[in-house]
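Notes follow once the structure below has been shown.
The values are calculated or read from the model by the stated rules, or taken from the named source; none is laboratory data. Source: prediction; values computed, not measured. Glycine also receives a Cβ, built like all others from the backbone with ideal geometry; neighbour counts cover every protein chain displayed. For the accessible areas, the whole protein counts, side chains as well, though only heavy atoms, and no ligand, DNA or RNA atoms are used. Shrake-Rupley method; radii C 1.70, N 1.55, O 1.52, S 1.80 Å.
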Amino acid sequence: MNDILIERITEFVFNHMVFAMVVLFLILFIINKTCRYYWNVYTGRWITTMNHLLKDEMRAGKRIIYVEMMSREQIDRAIESFIEMYDSDELHVERPDIEETATGYMLTLKNSTTYDLFCYWVNYIVYSDEKKRFNKNVSALYEVPADAEGVWRQFAGERLRFYIPEADNECDNVYFSTHDNRHFKQEFAGPLIPLDVAVKKHSIVPIVMSLEVVAVVAGSVFVLNRQCSRGGESELDSTFVEDSAVQALDKETVNEPYVPADTAKLGWVTRLIACGNTKALVSMMDFPIRRKYPLHDIKDAGEFKQRFDEIFDKGFRERVARKESAKWYNHGYRGYCYGKSGDLWVYEKLYLIDYYSPQEQSRYLQLVKKEMGSLHESLGGKEWRPYCCFKVDNGGIVRVDYAQRKEYSARNAHIDKQAQAVPQLQPIKLRGDEVFRMSLYSKGSDLHGMPRRIMYGKVVIGGSLSSRDHQFVDEDGNTVTFGDPFYDDELMLFTGAHDGNGLFEQRHTDGYKLTPCYWLDLINL
């Protein structure tokens, strides 16, 4: 009996001791990893990011770019293009001093040039010509003060040599080496990655790191804000411009496919989107950027930065960064569109974003449901959706809703061939046979109640830029027409009422000024 008891006690102690030892080992392992993780963050050994470097940067020391085998004209063009793209109210970019040398040119930047801007300069000079890369012809010097602190301590007193290897196929990073032949890769939206294997000039050797380093770097990449995500086949987004899309347009466009845009910048648009570089991207955008109603338009750079992650979700940024990403298509005087679905449109600047992320689509449906639910019950119905809303200068409100006809008929189509050729330019995709309903509310009336007048009609979408012409008529022959707020500087509502009071007693020759607005904003006032 005693032997059995002793055996059970021994077994219990042994089993729990093993369990306790396992738990203790795991706790010590986690503590060790955590301490090493934060120590490496502090020292900048493994997961230093560009943000860390900017925070601890002293902004002193030489910043020089050496250029060979490029003409002065090519250099001047690259500099002007870079300044045009990056210079803004938030970031002032100064032109570098240019000095001719025995082998080429030396571009001297201000000592106060920030680290990230210096990296962008080096990268842009290398890829400044869409037909040729200047990897072999561009190197740069970045001097680190001897008393550097924080993550820069490891490079204190160094004169870092920057370059981009010829085999690089990501095109949104730079490399640099130290005096003792240590090499690093700086991703614009990611970490500073040490290359554990020495690299030859203008060549890339695979990064060989321990599993521990790989794990830490992977963790840092996961938490980076707006990280530039890429697959194994990452490369520069193609800026090859297809001309075939022009054939679907009118003869004038086919004969004169002039597009006032620098095609060298097209790749930069998608590159900046992929890396989440909103500071540079907003300088290449023409605001406001239209979103389909009732989503709010993007009125300025500040609002775009706030909504960036909602507009360009991770999936879209990964897609435009991959090798198989879509090409740009020439659409004549409409500009260039990205991909056959026309997600992005550039005419000198990015002026239209026709991509809607899953988050924005969900938000759109929520707003539609809420807006239609706020109307008088007789105006509801699942078939109706909001199209636009305006304030009238006399205090009235005009809103337009649309519904799809149950059966499609070519006789009902009110979109001309021009608009059908480029449906992406429509604010809301229309088949061409929709019925539109205009509700008119007098000043001070209850917006949840019945409108003063309801008229039915159509929105004619046509012309080279698919502008809209709203046309409505009632059973008495009264008419209301107005144009397109996206293209008309001063939008006017013209009426053709015969007699009456209030908003519609004016003749057809008179009009009222309209200002675009949002219905839900009005009812929430």
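Among 391-402, 335-346, how do they line up by average Cβ neighbours within 10 Å per residue, starting with the highest?
Top of the packing list down: 335-346, 391-402.
Could you please state how large a percent of the accessible area of the range 262-381 is carbon and sulfur, counting protein chains only and using a 1.4 Å probe?
Carbon and sulfur: 48 percent of the exposed surface of the range 262-381.
Can you give me the distance in nm between label points at GLU303 and LYS136, each placed 7 Å from the Cα along the Cα-to-Cβ direction?
Placing both labels 7 Å along Cα→Cβ, they lie 5.0 nm apart.
Given N residues in the range 328-373, what is Rg(Cα) / (2.2 N^0.38 Å)?
Ratio of Rg to 2.2 N^0.38 Å for the range 328-373: 1.52.
Debye sum, Cα scatterers, the range 66-195, no solvent: what log₁₀ I/I(0) at q = 0.15, 0.19, 0.21 1/Å?
Evaluating at q = 0.15, 0.19, 0.21 Å⁻¹ gives log10 I(q)/I(0) of -0.74, -1.20, -1.44.
With a 1.4 Å probe and every protein chain left in place, work out the accessible area per residue of the range 335-393 in Å², rounded to a whole number.
On a per-residue basis, the range 335-393 sits at 47 Å².
Here are some pairs, LYS279/LYS370; LYS369/LYS458; LYS185/LYS279; LYS131/LYS305; LYS327/LYS458; which of them have Cα atoms lying more than 27 Å apart in this structure?
Cα-Cα > 27 Å for LYS279/LYS370; LYS131/LYS305; LYS327/LYS458; rest within.
For the range 296-406, compute Rh as the Kirkwood radius over C-alpha pairs and then the Stokes-Einstein diffusion coefficient at 37 °C and 0.692 mPa s; write the answer in µm²/s, rounded to an integer.
Answer from the Stokes-Einstein relation: 193 µm²/s.
Can you list, largest first and rounded to whole Å, the semi-axes you get for the range 383-485 by taking the square root of 5 times each eigenvalue of its Cα gyration tensor?
25, 15, 12
When all alpha-carbon pairs of the range 67-114 are counted, what percent fall beyond 14 Å?
54 percent
Give me the extension gain from LYS314 to HIS92: residue separation times 0.36 nm, minus the current Cα-Cα distance, reported in nm with one decimal.
77.0 nm
Could you give the nm distance between label points at LYS417 and LYS110, where each point is 7 Å from its Cα heading toward the beta carbon?
Distance between label points: 5.6 nm.
Would you rank VAL473, VAL480, VAL460 by solvent-accessible area, highest first, keeping every protein chain in place and using a 1.4 Å probe?
VAL473, VAL460, VAL480
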